[in-house]
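Structure first, commentary second.
The values are calculated or read from the model by the stated rules, or taken from the named source; none is laboratory data. Computed from a prediction, not measured in an experiment: that's the story for all the values here. Backbone-built Cβ (ideal geometry, glycine too); neighbour counts: all protein chains shown. The protein model used for the area step is the full one, side chains on, heavy atoms only, and it has no ligands, DNA or RNA in it. Shrake-Rupley method; radii C 1.70, N 1.55, O 1.52, S 1.80 Å.
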Amino acid sequence: MRKVAVIGVGMIKVDHHWKESIRSLFTKAAINALEDAGNPDIDALYVGNMSAGQFNKQENLAPMLADALGLESKPSLRVEEGCSSGSAALYMALKDVASGMHDFVLVGGVEKMMDTATNDATFIISTVTDQEYEAFTGLSLAGINAMVMRLYMNKFGVKRESFAKFVVQMHENASKNPYAQFPFKISLDKALNSAPVAEPIHLMDCAPIGDGAAALVICPAEKAKDFTSDQVDIIGAWKASDTFLFHMRKDFLSMKATIEASRNAYEMANITPEDVDVAEVHDSFSIAGILAIEDLGFARKGEGWIAVEEGLISPDGETPVNPSGGLKARGHPIGATGIYQAAEIVLQLRGDAGKRQVPDARIGITHNTSGFGTSAIVHVFKAE
Amino acid sequence: MSPSNLWREIPQRYRLEAAFCPKCLTTYFPPRELCTECGSRELEKKKLPTRGKLVTYTVIHTPPKGFELYAPYIVGLIKLEDGTHLTAQITDADPDKLDLDVDVEAVIRKVKENGRDGPIYYGYKFRPILNANGAPERKC
Ligand SMILES: [Zn+2]
């Protein structure tokens, strides 16, 4: 396999982009990435997207977006893996370049969610769960996370305040991120007291709905030097999954897919969790953020909330988590999220993250899940 | 959802029919074609017990489309007497009096309607088993 580098990143601020279509949103992010990379000739396009068919009544996305970029004569593919569609697209693009099939590959993610009403969006998101035995009962994705949160609080003696502190930290991080949907700080009181969504989960525990697109340009590491002096390599990647039905799990308090994906990605990269200088993790709900901190190896099981309270995951802590603000405050345009995470890590490792730059970052990871840990994809990045 | 997909799930929805692996004694609900524990492809039909315990639960206030009329409602993770887990709505219960580990039993209820002309969906829900004082039972 060839070593692969990221030579360009592009992001659009996550927001309610009323004036943008899914096509224009993606194209603008792709242009940003191409310009950041120095406009190499692109050989192939990968697009991560969860559900343009449901959100926008538009399928057949890859040729549409390839055409918008003048890449209609090149191979283009859409990759769908629920909430981790962005990372899934990167996973496929990475193998494409590593295999030697293509050299310069544009990989992006897009989700245009704001054209639908909230109850429609909640339903569309719940289609990542089992339709006959989970969604049929009226269970939402928030509901599964809520059942886990209640069990976690009960088993480890944790109060909702501890989850709210994670939310406050995410907002503080996002306040320095120009691409964040919620670039402002919030008080603990506000994080704690919002409308219940699926008790014990309240609105402020949830990642928002938003429109977004992000893109990367990747190429063989040996060709990256011609385009950038700030090369970032992808040195590990793995995808794992778990029982599709949550009730079939043997352990309700961790995501086995995260444990397996990270263990294999770390092994490929020849690192341990202690080597990680910065991480972007999948905090679609505050409980999911806490579990990620544990299952990725940054804290012991049942102690992820302590890592938050002791500042271990804050930007100047031992393992800064989500300097972007995470899904919670940077935003979670579903199929684009994995690419936003990767773009953030690349900026952090290049030293280009502005006011949210974490000190001395050499190795970073992204962690993107789907459903409640039905899939997890971990990528490991390293500054050259 | 369509009438055919409603119809084909009736054995599970109305009678809690599961699959059972006689080789390694694992139960699967809903039933499946092969045993993921031992690899056997010879699974048998099994009727699940109708009583169990509530492992954890949530009170849904922001429902997915189709459930707006019923919110707030409770959905729980249940461990049946034979150790099989399943997900179901908890009915006839006061969310404020509910707790982990309460005993529950299966009942048949309407789950939702499917527009003006579509079929009405029925299926299992679970309700707390009350003691003589009318409080939820908790044997453990
Ligand atoms: Zn078996």
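Structural remarks
- All positions within region B:82-101 that are more than 13 Å from every other protein chain (Cβ to nearest Cβ) and modelled with pLDDT of 95 or more: B:82, B:92, B:93
- In region B:1-23, the residues that are part of a strand (DSSP E or B) form Cβ pairs under 7 Å with partners that are more than 16 Å from the ligand (Cβ to nearest atom), at six or more places apart or across chains, as follows: B:17/B:11; B:17/B:47; B:18/B:48.
- As a summary of the residue check, residue A:336 satisfies the conditions (1) crowded, with 24+ Cβ neighbours inside 10 Å; (2) over 27 Å from residue A:16 (Cβ atoms); (3) among the aliphatic types (A, V, I, L, M) except for the one numbered (2).
- Wholly within region A:97-184, helices (runs of 4 or more DSSP H) carrying at least 2 residues that are in contact with a strand residue (DSSP E or B) (Cβ under 7 Å, 6 or more places away or on another chain): A:141-156
- Subset of region B:61-81 [part of a loop (DSSP other than H, G, I, E, B), closer than 18 Å to residue B:95 by Cβ and more than 7 Å from chain A (Cβ to nearest Cβ)]: B:71, B:72
- Selection from region A:244-294 of residues that are of a type in the set (Ser, Thr, Tyr) and part of a helix (DSSP H, G or I): A:258, A:262, A:266, A:286
- Test: residue A:77 is among the hydrophobic types (A, V, I, L, M, F, W, C), more than 9 Å from chain B (Cβ to nearest Cβ), touching a His at 6+ places or on another chain (Cβ under 9 Å) and closer than 20 Å to residue A:375 by Cβ: no
- Subset of region B:22-55 that is within 8 Å of the ligand (Cβ to nearest atom) and under 30 Å from residue B:129 (Cα atoms) - its residue that is most open to solvent (accessible area, probe 1.4 Å): B:25
- Residue within region A:41-54 that is on the phi > 0 side of the Ramachandran plot, open to solvent by 40 Å² or more (accessible area, probe 1.4 Å), at pLDDT 95 or above and in a loop (DSSP other than H, G, I, E, B) present: no
- Unmet requirement for residue B:94, which otherwise passes all of (1) more than 23 Å from residue A:251 (Cα to Cα); (2) open to solvent by 60 Å² or more (accessible area, probe 1.4 Å); (3) in contact (Cβ under 8 Å) with a residue 60 or more places away in the chain: (3)
- Matching entry among A:154, A:119 (being within 14 Å of another protein chain (Cβ to nearest Cβ) and under 30 Å from residue A:54 (Cα atoms)): A:119
- Positions within region B:112-140 being facing chain A (nearest Cβ under 10 Å) and under 30 Å from residue B:21 (Cα atoms), in sequence order: B:121, B:123, B:124, B:125
- Count of region A:157-187 residues which are open to solvent by 70 Å² or more (accessible area, probe 1.4 Å) and either within 14 Å of chain B (Cβ to nearest Cβ) or more than 20 Å from residue A:353 (Cα to Cα) (or both): 3
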